Amino acid sequence: MRKFLIAASFAALAAPAAAEAGDPALLAADCQRRAAERLDVSRESVTTKAEGRRTDGTYPVNGSAPIAGGRTVTFQCNYARDGLTFTGLIVN
């Protein structure tokens, strides 16, 4: 029984943490990459901020990026309730 408990403890430690789902830093970085590709700008010029979980359980990430002509566009990436699945990028 003791060996089983030790093995179960190690298995739990080795499993990905639930905190990874919806992790603000991971979502912001993923949104930054997607927005840079879509807007055809460098990743370094794109700023993003994860806004936390909505009441419906989904995750928004807001951002902005300078584009040609000296303008700045804003956008929002959206992620599903699992906190991992990208569901869309809306450019304002």
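Can you check what the net charge comes to around R43, using other residues whose Cβ is under 13 Å from the Cβ of R43 (Lys, Arg +1; Asp, Glu -1)? All intermediate terms of the calculation are to be shown ahead of the outcome.
Working: positive: R33, R34, R38; negative: D30, E37, D40, E44.
Local charge sum for R43: -1.
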*Quick one: if you stick a label point 7 Å off each Cα along the C-beta vector at A25 and D82, how many nm between them?*
2.3
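Within a Cβ distance under 12 Å of P60, other residues only, what is the Lys/Arg minus Asp/Glu net charge?
Once positives and negatives cancel, what remains is +1.
Under the 0.36 nm per residue contour assumption, what length would be gained going from the current alpha-carbon distance of T74 and T47 to full extension? Please list the in-between numbers first.
Details: separation 27, 0.36 × 27 = 9.72 nm, distance 0.95 nm.
The T74-T47 span can extend by a further 8.8 nm.
Could you work out the local net charge near Y79, counting Lys and Arg as +1, Asp and Glu as -1, over the other residues with Cβ closer than 14 Å to its Cβ? Provide the component values of the computation, followed by the final result.
Working: positive: R33, R34, K49, R53, R54, R81; negative: E20, D23, D30, E51, D56, D82.
Within the 14 Å Cβ shell, the charges total 0.
Test of understanding: express the Cα radius of gyration of the range 19-91 as a ratio to 2.2 N^0.38 Å, with N the residue count. Write out the running numbers ahead of the final one.
On the way: Rg = 12.0 Å, N = 73, 2.2 N^0.38 = 11.2 Å.
Expressed relative to 2.2 N^0.38 Å, the Cα Rg reads 1.07.
Quick note: the coordinates plus some simple rules give every number you see, no bench work behind them. Keep in mind that what you see is a predicted model, and the values were worked out from it rather than measured. Neighbour counts are summed over all protein chains in view; Cβ atoms, including those assigned to glycine, are modelled from backbone coordinates with ideal geometry.
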